[in-house]
Amino acid sequence: MVVMSGRIAQVPTVQMITRIYSAALRGVDAREVEVEVNAWGSEKPQVFVVGLPDAAVRESIQRVTSSIIASALTLSDGSKTVNLAPADLKKEGPSFDLPIALAMASACAELLLPADDAYVVGELALDGTVRPIKGALAIALEARASGKRRLILPAANAAEAAIVDGIEVIGVDSLHQTWAYLTGTADIAPFTMDRQAFFEAHRSYEVDFEEVKGQYQVKRALEVAATGGHNILMVGPPGTGKSMLAKRLPSILPDMSEEEAIETTKIHSIAGFLDPKRSFLTTRPYRAPHHTISDAGLLGGGTNPGPGEVSLSHNGLLFLDELPEFRRQTLEVMRQPLEDGHVTISRAAGSLTFPSRFMLVAAMNPCPCGYYGDAKRECRCGSRAIEKYRQKISGPLLDRIDIHVEVPLVDFKELSATELGEKSAAIRQRVAAARTIQSERFNKNKGVNTNSAMSAKLVREHCQLDNTSSQYLEHAMESMNFSARAHDRILKVARTIADLDSSQAIQSQHILEAIQYRSLDRKLFS
């Protein structure tokens with residue numbers, strides 16, 4: 001027998017196949033999934049789920065059946081087969097609850113729902129309430145790309161998905177409401193958002209560079225790093241403001257473009273780290289993992305591979321405090337994403353690629369106690385302890401950090417001064433102006449937006465030196481034993497400094513400042 005809206009109905013005597021379109025997450029993207037349900041009469045009621053489901057999808061049948069009954073929809077006593085196609089794509093998570101419930105109720109009622117132009121996603125509670133899911137933005141992008149007109153999803157995810165143009169976003173609160181909408185007995189207006197107003201309202205930072213006393217040479221180095229997207233290492237005793245400076249670095253980076261914001265939000269949404277109150281990232285991400293983080297936590301991976309910290313920092317900043325305290329093996333896995341701007345995770349079932357173009361900002365003490373070379377406090381570390389401490393950072397990794405700068409102690413006069421420093425907004429204007437110069441320079445080079453991303457060919461093209469500057473660089477290469485990679489990175493930094501000066505040519509003072517930013521590793525690690 002069938003219970004349908006409180007009425008008694010007959011079990012279907014013939015097979016009834018219904019179909020609802022949904023989507024599965026794979027890496028940072030989504031792929032279309034067809035949810036098919038075949039219901040037929042049988043003496044022993046059973047539900048079979050096929051199509052490479054994981055445990056969460058297999059367990060969904062208990063939630064789905066309870067939700068259908070609680071919503072007073074049709075549920076026959078016969079057997080049902082739920083097929084998730086394509087069969088070779090693994091289906092993970094509870095987002096298939098809502099489309100399975102709709103397809104199952106439709107098959108049992110022998111009623112085809114008009115939903116061929118829509119994707120449906122959502123997790124169900126036992127009472128039929130729809131709960132939010134991960135990856136709503138990626139699913140919205142896939143729905144638009146596949147030519148769908150609508151996306152039906154939890155109301156809590158509607159603001160996130162509405163960022164995507166060209167598709168109607170229908171936010172629902174329950175299975176019963178969704179059924180009523182699809183059968184035409186209820187109307188739900190598409191969720192709309194004023195993107196420009198949303199960006200303007202949320203593009204703000206709680207911290208500002210004006211709060212940092214002194215450290216003018218470090219601020220200058222951070223401005224150069226922000227302008228060219230260069231990696232930077234700060235070395236200094238405890239309490240000199242390294243972490244404070246790093247936290248304020250995002251406030252001087254240029255505002256994210258809409259394309260960057262969508263790409264970054266998609267990663268955070270898939271990882272489940274999106275703030276439900278904001279639903280969209282409008283400021284550049286700042287990630288500061290603890291030094292006990294694992295390789296998979298930093299790079300990404302796991303049983304069901306997901307993005308790591310290097311990908312969560314995409315288009316933003318990754319801050320590694322107390323750099324030598326990280327396991328050397330963990331640090332070494334960053335070498336490839338620092339060069340390539342993406343991470344490829346290979347498993348037996350296939351490979352996934354996550355974007356990871358970020359600024360690396362690292363901080364460390366000069367020795368284990370932190371006071372080596374300090375004029376006011378005596379270092380308690382032996383030479384072997386200092387050497388062992390510094391050797392935790394390999395030469396190849398250090399070579400990939402463009403700027404090295406000392407962060408000295410701030411004297412009392414600067415700390416007690418009442419006047420504030422330069423505001424982040426003023427610094428950001430200079431950075432943005434120099435970034436505009438770089439955008440115009442690389443407008444024909446796809447994937448290159450900053451000087452730090454220049455290839456060897458682009459370095460030769462845009463980093464020409466006059467005779468004097470060339471002699472300075474040659475002397476530095478010979479006296480400090482710089483590598484070929486360091487040579488190119490010095491030229492990139494010099495190009496950035498010239499852009500800050502609005503200079504078309506790299507001049508002597510630009511190359512000298514760039515060399516100065518590479519001398520610290522020879523001083524500390526030789």
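Every read-out reported here was derived from the displayed coordinates using simple, explicitly stated rules and does not represent laboratory data. Keep in mind that what you see is a predicted model, and the values were worked out from it rather than measured. FYI the Cβ positions are ideal-geometry reconstructions off the backbone, even for glycines, and counts take in every protein chain you see.
Taking Cα pairs under 8 Å and at least six residues apart, what relative contact order does segment 148-272 come out at, in percent? Let's see the in-between values first.
On the way: 90 pairs, mean separation 22.4, N = 125.
Relative CO of segment 148-272 lands at 18 percent.
List every residue whose amide H lies under 5 Å from the amide H of VAL33, counting only residues 5 or more places away in sequence or on a different chain, with H placed 1.01 Å from N in the peptide plane.
Counting only residues 5 or more places away or on other chains, the set is SER22, ALA23, ALA24.
State, in angstrom, two size descriptors of segment 127-172 derived from its alpha carbons: Rg to one decimal place and Dmax to the nearest whole number.
Cα only, segment 127-172: 10.1, 33 Å (Rg, Dmax).
Estimate the FRET efficiency between SER394 and SER79 by the formula 1/(1 + (r/R0)^6), using the beta-carbon distance for r and 56 Å for R0, to the nearest 0.05.
After rounding to 0.05, the efficiency reads 0.40.
Could you work out how far helix 97-108 tilts from the main Cα principal axis of the chain, as a 0 to 90 degree angle to the nearest 10?
Taking the Cα atoms of the chain, the angle to 97-108 is about 20 degrees.
Straight-line reach from LYS266: which lysines have Cα under 28 Å away, leaving out those fewer than 8 places along the same chain?
Those lysines meeting the cut-off are LYS90, LYS91, LYS134, LYS148, LYS247, LYS277, LYS444, LYS446.
Give me, ordered by chain and number, the residues 5 or more places off VAL448 or on other chains with an amide H under 5 Å from its own placed amide H.
Result for VAL448 returns nothing.
Pop the C-beta distance of ASN443 and LEU420 into the FRET formula with R0 = 30 Å and round what comes out to the nearest 0.05.
On the way: r = 38 Å, r/R0 = 1.25.
About 0.20, to the nearest 0.05.
Report the antiparallel proportion of the DSSP beta bridges in the chain as a percent, rounded to a multiple of 5.
Once the DSSP bridges in the chain are tallied, antiparallel ones form about 55 percent.
Could you give each residue of segment 57-62 its phi-based ³J(HN,Hα) in whole Hz, using Karplus coefficients 6.51, -1.76, 1.60 with θ = phi - 60°, and x for Gly or Pro?
For segment 57-62, the Karplus-derived couplings read 6, 4, 6, 4, 4, 5 Hz, x marking Gly and Pro.
Which residues does a label at GLU461 reach in segment 376-402, if reach means a backbone N under 17 Å from a point 7 Å past the Cα toward the Cβ?
none
Any chance you could give the angle, 0 to 90 degrees and rounded to 10, that helix 258-271 forms with the longest Cα principal axis of the chain?
The angle comes out at about 70 degrees.
Given a Förster radius of 22 Å and the C-beta distance between GLN471 and SER503 as r, what FRET efficiency does 1/(1 + (r/R0)^6) yield to the nearest 0.05? Provide the component values of the computation, followed by the final result.
On the way: r = 19 Å, r/R0 = 0.86.
Computed FRET efficiency for GLN471 and SER503 comes out at 0.70.
Quick one: angle between helix 216-228 and the longest Cα principal axis of the chain, in degrees between 0 and 90, rounded to 10, please.
Once rounded, one gets 50 degrees.
Per residue of the chain, what 222 nm ellipticity follows from adding -39500 (n - 2.57) for every DSSP H run with n ≥ 4, rounded to the nearest 500?
The helix contribution divided over the chain gives -11000 deg cm²/dmol.
Report the relative contact order of the chain, percent, no decimals, based on alpha-carbon pairs under 8 angstrom and at least 6 residues apart.
Across the chain, relative contact order equals 12 percent.
Between the alpha-carbon centers of segment 355-424 and segment 452-525, tell me the distance in whole angstrom.
22
Mean separation of Cα pairs under 8 Å and 6+ residues apart, divided by the residue count of segment 294-335: what relative contact order is that in percent?
Worked out over segment 294-335, it gives 38 percent.
Whole-Hz Karplus ³J(HN,Hα) for segment 375-382, in order, using 6.51 cos²θ - 1.76 cosθ + 1.60 and θ = phi - 60°, x for Gly and Pro?
6, 10, 10, 7, 6, 9, 8, x
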